Amino acid sequence: MGIIESLLTAISLCADCLAVSLCSSITIKNINWKNVGIVALSFAIIQALLLLVGYLFGNALSGLVSKVSHIIGFVLLLYVGISMIVEGFRGKEEVRDLNGARNIILGGIATSIDALAVGVSESMAGQTTAGFLPLFIAVFAVTFISVVAGIFGGRTLGRRFGRAAEIAGGTVLSIIAFCVLLLD
């Protein structure tokens, strides 16, 4: 995966992190750099770790299903992409309380399940470890930046752009899914 694809995938994966942090910024008791850094670092670590776990899991399975691995990757990416688009159009107001370690971890996991699926699909698509590294770094960095921006962005922007960000992220992942299927 190239740098551009890695960045687009990272941006797509962190769209829900951005939306949650935008909407949840009203629940954070003290918005200061230390608290925002803790939340952003937690989300970035969880997102990157789930991406890595998915990749390693996919590597373990790839020998068993190598002939259909590109189809599995396509299905997983398409599922995540369409799910994000549907959630974006449903427009549920999902505000999470990001005070306390438990709430931060739950919020981080809830917004990172799609990273697990993308990790599996990257592995199934035959991505090498060297090719996976830019995606891993991009997901960590973009997630961290998006959560910081989301928390400082606040309530108004979250309500205005949260759904659009999720729809755009889902669309990009769906396009990448078709590229995995067609370019294999």
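The values are calculated or read from the model by the stated rules, or taken from the named source; none is laboratory data. Source: prediction; values computed, not measured. No Cβ is skipped: glycine too gets one built from the backbone with ideal geometry, and neighbour counts run over all protein chains shown. The area values use the complete protein model at the heavy-atom level, side chains included, leaving out ligands, DNA and RNA. Shrake-Rupley method; radii C 1.70, N 1.55, O 1.52, S 1.80 Å.
Below is a table of values for the structure above.
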{"quantity": "Identity of the residue in the range 61-80, open to solvent by 50 Å² or more (accessible area, probe 1.4 Å) and among the hydroxyl-bearing types (Ser, Thr, Tyr), that ends up modelled with the lowest pLDDT", "calculated": "66"}
{"quantity": "Residue check, residue 147 in contact with a Gly (Cβ under 8 Å, 6 or more places away or on another chain) and either hydrophobic (A, V, I, L, M, F, W, C) or in a loop (DSSP other than H, G, I, E, B) (or both)", "calculated": "no"}
{"quantity": "Any hit, the range 81-98, residues being more than 20 Å from residue 150 (Cβ to Cβ), buried (at least 22 other Cβ atoms within 10 Å of the Cβ), modelled with pLDDT under 80 and not polar (S, T, N, Q)", "calculated": "yes"}
{"quantity": "Number of the condition not met by residue 58 [criteria: (1) farther than 12 Å from residue 143 by Cα; (2) at pLDDT below 85; (3) buried (at least 22 other Cβ atoms within 10 Å of the Cβ); (4) not acidic (Asp, Glu)]", "calculated": "(2)"}
{"quantity": "Residue that is nearest to residue 46 (Cα to Cα), among those in the range 118-150 that are hydroxyl-bearing (Ser, Thr, Tyr) and open to solvent by 60 Å² or more (accessible area, probe 1.4 Å)", "calculated": "129"}
{"quantity": "Any chance residue 158 is part of a helix (DSSP H, G or I), at pLDDT below 80 and open to solvent by less than 20 Å² (accessible area, probe 1.4 Å)", "calculated": "yes"}
{"quantity": "Residues that are of a type in the set (Val, Ile, Thr) and within 11 Å of the chain's Cα centre (by Cα), drawn from the range 131-151", "calculated": "139, 142, 143"}
